[in-house]
1. Would you check if I146 is assigned to a helix (DSSP H, G or I), touching a residue at least 40 places away in the same chain (Cβ under 8 Å) and either farther than 23 Å from N37 by Cα or among the aromatic types (F, W, Y) (or both)?
2. Report, by residue number, each residue of region 68-95 that is under 15 Å from G199 (Cα atoms) and without any contact (Cβ under 8 Å) to a residue 60 or more places away in the chain.
3. Do we have any residue at all in region 95-116 that's within 25 Å of the chain's Cα centre (by Cα), surrounded by 15 or more Cβ atoms within 10 Å (Cβ to Cβ), polar (S, T, N, Q) and not in a helix (DSSP H, G or I)?
4. Quick one: would you say G69 is part of a helix (DSSP H, G or I) and either crowded, with 21+ Cβ neighbours inside 10 Å or at pLDDT 95 or above (or both)?
5. I'd like to check something: does region 42-60 contain any residue that is of a type outside the set (A, V, I, L, M), modelled with pLDDT of 95 or more and either out of contact with any helix residue (DSSP H, G or I) (no Cβ under 9 Å at 6 or more places or on another chain) or within 19 Å of V190 (Cα to Cα) (or both)?
6. With respect to the numbered conditions (1) at pLDDT below 90; (2) in a helix (DSSP H, G or I); (3) more than 21 Å from R12 (Cα to Cα); (4) not charged (D, E, K, R), which one is the sole condition not fulfilled by G251?
7. Quick check on my filter: what residues within region 208-248 are in a helix (DSSP H, G or I) and free of Cβ contacts under 8 Å to residues at least 40 places away in the same chain?
Amino acid sequence: MIEEWVVGTLSRTLAYGTPLLLATLGEIYSERSGVLNLGVEGMMILGAVSAFATAFVTGNPWLGMLVAGITGGIASLLHGLISITLRANQVVSGLALTMLGLGLSGLFGKGFEGKPLDSTITNVSVPFLSDIPYLGEILFVEQNPIVYIAIILTPIMSFILFHTSLGITIRSVGENPSAADSAGINVWLVRYLCVFTGGILSGFAGGYLSIAYRPAWTTGMTNGMGWLVIALTIFASWNPSRGLLGALLFGALMHLSYRLQPWVAPELLKMMPYGSAVIALVILSFGTLKRSMGAPNALQQPYIRGEK
């Protein structure tokens with residue numbers, strides 16, 4: 001009985017942690033290039049509503065996921081324009097993007113409230129691997145394909161960031177954009193590409209919520225996940241591999257808030273991830289503390305050529 005409970009909890013943890021992981025991977029790349037994007041929540045909710053609307057109209061959930069990524073990417077470019085090109089305050093721009101996303105999703109999603117989705121991205125079991133005791137039941141039985149995609153993306157994005165010339169370029173722009181510019185690197189282009197990558201993955205995260213995890217559209221269905229992503233990015237020390245562990249931990253806390261209701265007040269468990277998001281924002285406000293955790297030196301700093 002206990003074994004079944006543990007296996008079931010860990011299996012659902014993977015499912016719930018997937019949107020957190022996808023968006024965190026994208027935010028890590030954005031912040032590694034020096035751009036803080038607090039608009040993750042807005043991009044996720046726009047991805048969720050666009051994915052559901054597309055899947056509902058066309059009957060193709062994978063097309064819905066594609067549209068979700070494009071929508072999130074386009075939304076992120078708005079943040080890029082304001083914070084990179086116009087050099088406005090990144091915090092204010094990100095907050096504005098979140099409010100814009102929540103407002104637009106509520107407006108355009110009103111007609112889809114309560115409507116069932118005929119075609120969804122169904123869960124799959126992996127032959128042979130699903131027969132492995134315990135591990136097979138957790139990882140390879142009735143998991144959504146997007147869960148596997150997110151897990152596979154983690155080592156790929158980690159390898160790119162820390163073991164390729166592209167990764168060195170991204171980290172250089174985030175650490176010392178002046179030196180990177182002197183070396184012939186287009187600082188603005190790199191930052192735009194990283195912000196766009198973050199937007200695409202945040203859109204995918206939202207799309208997963210509305211057409212795979214819970215095939216339905218509900219206004220505000222991201223329920224503050226974007227803020228958890230900001231916290232996860234910091235607690236992962238801007239490392240994709242640690243982001244996977246953090247996403248699983250936060251996913252477990254959120255899932256346990258339902259499973260432990262008879263014994264533990266659900267408000268306490270639900271509060272823990274969001275409380276950590278508050279702590280993360282406090283860390284960002286203190287430069288010394290932020291640097292001690294391994295934050296990029298130029299994070300939140302707009303780049304102006306010729307300015308030291």
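1. Answer is yes for this residue.
2. L78, L81, I82, S93, G94, L95, listed by residue number.
3. Initially, region 95-116 is screened for residues within 25 Å of the chain's Cα centre (by Cα), giving 95-110, 112-113.
Those left that are additionally surrounded by 15 or more Cβ atoms within 10 Å (Cβ to Cβ): 95-98, 100-102, 104-105, 109, 112.
Keeping just the survivors that are polar (S, T, N, Q) gives 98, 105.
Those left that are additionally not in a helix (DSSP H, G or I): none.
The answer is no, given that none of the residues of region 95-116 is within 25 Å of the chain's Cα centre (by Cα), surrounded by 15 or more Cβ atoms within 10 Å (Cβ to Cβ), polar (S, T, N, Q) and not in a helix (DSSP H, G or I).
4. Against the criterion (part of a helix (DSSP H, G or I) and either crowded, with 21+ Cβ neighbours inside 10 Å or at pLDDT 95 or above (or both)), G69 qualifies.
5. Checking region 42-60: not a single residue is of a type outside the set (A, V, I, L, M), modelled with pLDDT of 95 or more and either out of contact with any helix residue (DSSP H, G or I) (no Cβ under 9 Å at 6 or more places or on another chain) or within 19 Å of V190 (Cα to Cα) (or both).
6. Going through (1) at pLDDT below 90; (2) in a helix (DSSP H, G or I); (3) more than 21 Å from R12 (Cα to Cα); (4) not charged (D, E, K, R) one by one, G251 breaks only (3).
7. Within region 208-248, R242, L245 meet the criteria.
The values are calculated or read from the model by the stated rules, or taken from the named source; none is laboratory data. Note that the structure is a prediction, hence the values are computed from the model and not measured. All Cβ positions, glycine included, derive from the backbone under ideal geometry; neighbour counts span all protein chains shown.
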